[in-house]
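Remarks on the structure that follows.
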Amino acid sequence: MPCSRLKARTAVAAIAAGGSCVSVAFATPPMLPGAWRQTVVVEVMDNETKVFTKLSENSTTACFTAEARAQPPLSSEKIDRAGGRCEPIEREAKQDGSSEVWRISCQAANGKKYRMVSELTYSASSMLNVLRSVSEYEGEVIEGRVTTQSERVGECKPDMPN
C-alpha cells in the first residue's frame with residue numbers, strides 16, 4: 001500500500017473513531033431515545049482518480065439516551081489530533097428543524113490543517129450524517145468521508161452500550 005494511502009487510511013480512521021477528532025453528538029433533534037442501529041462507512045479519496053474508495057463498513061447497535069441528546073454537537077475544548085493539539089479556528093452551525101450543518105477548521109501545533117463539514121438529516125427514528133474532511137500537511141492533501149446511517153430499532157437493553 002502506498003505511504004500516502006496508509007496515511008489517508010489512518011487519518012480517516014481517526015475521524016471515524018470520533019475520539020481523536022470532532023465528536024458530533026446529537027444536538028437537539030427530535031430523535032427518540034432507545035436502541036439505534038448504526039452503520040458507518042469510511043472512505044478516502046484517491047488523489048489520482050478523485051474517486052472515494054471504501055476502507056471499512058461497520059454496524060453496531062447502541063442505546064441512545066435523553067442525556068446524549070443534551071450534549072453539544074461540538075465541544076469548545078481543544079481537539080486532540082495526531083501530532084499536536086488543535087484549537088478550532090472556525091465553527092459554524094446551521095439548523096432548520098430536520099437538518100444541521102456543522103463546519104470546523106483548525107491547525108495543529110505541527111502545522112497540519114484540518115477542515116470538517118458534518119451534514120445531518122434526521123427524524124424521530126432515523127438519522128443520516130455525512131462527515132467530509134480534508135487534511136493538509138507539507139503539500140499533501142487527504143480527503144475523507146464518513147457516512148453514518150442510523151435507525152431506531154426498539155428499546156434499550158441492559159447490556160447495550162451507550
Search result, residues across the range 108-121 that are modelled with pLDDT of 80 or more, out of contact with any helix residue (DSSP H, G or I) (no Cβ under 8 Å at 6 or more places or on another chain) and in a strand (DSSP E or B): Lys113, Tyr114, Arg115, Val117, Ser118, Glu119, Leu120, Thr121
Inter-residue pairs, beta-carbon under 6 Å, first in contact (Cβ under 8 Å) with a residue 40 or more places away in the chain and among the polar types (S, T, N, Q) and in the range 51-66, second part of a strand (DSSP E or B) and surrounded by 15 or more Cβ atoms within 10 Å (Cβ to Cβ), 6+ apart: Ser56/Val42; Thr60/Gln38; Thr61/Ala35
Qualifying position, being at pLDDT 75 or above, more than 19 Å from Gly34 (Cα to Cα) and part of a strand (DSSP E or B), among Arg85, Arg103: Arg103
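The values are calculated or read from the model by the stated rules, or taken from the named source; none is laboratory data. Just so it is clear, the model here is predicted, and its values are computed rather than measured. Neighbour counts run over all protein chains shown; Cβ positions are idealised from the backbone, glycine included.
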